[in-house]
Amino acid sequence: MVQFRVEESADEEQGRWLWSVYASVFDDYANVETWYEKVWDTHRRRPGFRLACADAGDDIVGFAYGYTGRPGQWWTDNATRVLGPETASAWLGGHFEVVSVGVRPEARGRGIGRGLMQALTSELPHTKLLLMTTSDPSDPARRLYASDGWQVIGPGIGNDTVIMGKLPGGAPSA
Ligand SMILES: CC(C)(COP(=O)(O)OP(=O)(O)OC[C@H]1O[C@@H](n2cnc3c(N)ncnc32)[C@H](O)[C@@H]1OP(=O)(O)O)[C@@H](O)C(=O)NCCC(=O)NCCS
């Protein structure tokens, strides 16, 4: 049985535990030290940090995390550039940024990804939620976000990506 847990902070030990599932999903950093130094140690310290975990007994089978996005951060600054001034001023700055969501391959298709997104984003104080994902609308992640009320608001940073936004409360995005 899977249980969802939300944390508002995470220490180094938790990051190392998270690495086991992160690496099984993304495989984009050579080892935990590199991921920790380049990603986790910065992200976990950002204001508004929130982590959702899907626990199955002693194992972690999925995770999602994000934080408050602000000017001066790499993603917010580059999203401002690609979205253009009008969309950027409507959406960026003080938004909640979903950085990552992943479920172990063998645990997919059982509602864990949806549960993680709900746990991560429910009752946030932010008025705008943002994420970046593939431009392929048939991708499982895109389908998950679309069915959860996220809408494409513009191109992403780099090829074959889009930025999606969601207004908590379900009002349609402009
Ligand atoms: C995206 C991901 C987190 C979904 O996790 P999951 O636990 O399998 O998702 P769920 O079982 O909760 O399914 C939720 C919805 O996602 C969509 N979905 C999930 N798997 C799908 C698949 N294989 N094909 C099409 N849509 C799929 C469906 O809309 C589904 O809703 P439904 O079951 O009512 O049809 C998982 O596939 C994953 O970890 N992918 C690799 C990492 C990734 O791409 N992360 C996002 C980066 S932006």
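Suppose we filter Thr80, Thr127, Thr87 for residues that are assigned to a helix (DSSP H, G or I) and out of contact with any helix residue (DSSP H, G or I) (no Cβ under 6 Å at 6 or more places or on another chain); which single one remains? Answer to the selection: Thr87. Candidates in segment 100-113 are the residues that are part of a loop (DSSP other than H, G, I, E, B) and within 7 Å of the ligand (Cβ to nearest atom); of these, the one that is surrounded by the most Cβ atoms within 10 Å (Cβ to Cβ) is Arg108. Would you say Ala23 is surrounded by 14 or more Cβ atoms within 10 Å (Cβ to Cβ), modelled with pLDDT of 95 or more, outside any strand (DSSP E or B) and of a type outside the set (D, E, K, R)? For Ala23, the condition - surrounded by 14 or more Cβ atoms within 10 Å (Cβ to Cβ), modelled with pLDDT of 95 or more, outside any strand (DSSP E or B) and of a type outside the set (D, E, K, R) - is met.
When segment 114-136 is filtered for residues that are within 6 Å of the ligand (Cβ to nearest atom) and β-branched (Val, Ile, Thr), only Thr133 remains. As a summary of the residue check, Asp59 satisfies the conditions (1) surrounded by fewer than 15 Cβ atoms within 10 Å (Cβ to Cβ); (2) modelled with pLDDT of 95 or more; (3) not small (Gly, Ala, Ser) except for the one numbered (2).
Checked against (1) within 7 Å of the ligand (Cβ to nearest atom); (2) outside any helix (DSSP H, G or I); (3) surrounded by 16 or more Cβ atoms within 10 Å (Cβ to Cβ), Glu97 passes all but a single condition, namely (1).
The values are calculated or read from the model by the stated rules, or taken from the named source; none is laboratory data. Everything quoted here is computed from the prediction, not taken from an experiment. A quick note on method: Cβ atoms are made from the backbone with ideal geometry, for glycine too, and the neighbour counts reach across all protein chains shown.
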